[in-house]
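Following: one structure in structure tokens, then a few remarks.
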């Protein structure tokens with residue numbers, strides 16, 4: 001089996017060296033202490049293999065950005081929306097203000113074209129409303145809520161049962177497979193009420 005996972009957060013797609021190119025040492029320390037930036041990432045990983053020999057292809061999207069004044073770069077968001085394959089199994093995004101705008105726009109985009117691709121939140125706000133918008137993940141358009149831990153990400157995107165369930169777009173299968181995986185994790189991956197809506201989208205003209 002082959003699976004497509006889209007990564008849209010710099011916490012997974014950039015190395016510490018990448019961060020150091022645009023941040024001061026003090027800012028890096030803040031990122032590590034407050035936002036759980038680590039030396040572990042998936043920057044140089046393009047394909048992962050599951051226990052059953054399935055291949056997981058990682059598509060790296062440019063993380064949404066905003067400038068010093070808080071203005072969000074809409075061009076990056078629009079490019080990301082066009083870059084997410086219709087056959088993707090999952091998108092993993094952050095939850096800063098620019099990322100929340102990407103997820104909110106993707107929610108509308110998916111509804112308009114009938115795209116059934118869940119988005120998972122990878123954030124220090126895990127289990128809580130956003131510290132920026134004060135919105136719950138489901139209200140923005142996230143279907144899953146993942147602890148900010150690279151090992152949890154690896155466990156999720158290499159688990160055959162979860163990947164097969166995501167590929168099937170079957171809500172009950174997804175929930176059941178995550179329950180099984182969560183029994184092995186220190187902190188569970190949470191399913192939000194939005195998963196149901198994300199899987200209901202239909203292409204225009206289809207019934």
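Remarks
- Spacing of the two label points (7 Å from each Cα toward its C-beta) at residue 169 and residue 59, in nm: 1.5
- Sorted ascending by nearby beta carbons within 10 Å, beginning with the fewest, 21, 1 become 21, 1.
- Between residue 97 and residue 186, the modelled label-to-label distance comes to 3.2 nm, taking each label 7 Å out from Cα in the direction of the beta carbon.
- Per-residue Cβ neighbour rank within 10 angstrom, fewest leading, 106, 194: 194, 106
- Computed over the chain, the per-residue total of -39500 (n - 2.57) for DSSP H runs of n ≥ 4 gives a 222 nm mean residue ellipticity of -11500 deg cm²/dmol, rounded to 500.
- Potential extension, residue 128-residue 22 segment - 0.36 nm per residue separation minus Cα distance: 35.3 nm
- Note on residue 47 and residue 87: the model spin-label points, each 7 Å out from Cα along the C-beta direction, lie 1.5 nm apart.
None of the figures in this text is laboratory data; all of them are computed from the coordinates on show. Everything numeric here is computed off the predicted structure, so don't read it as measured data. Quick reminder, even Gly has a Cβ in these numbers, built from the backbone with ideal geometry, and neighbours come from all protein chains shown.
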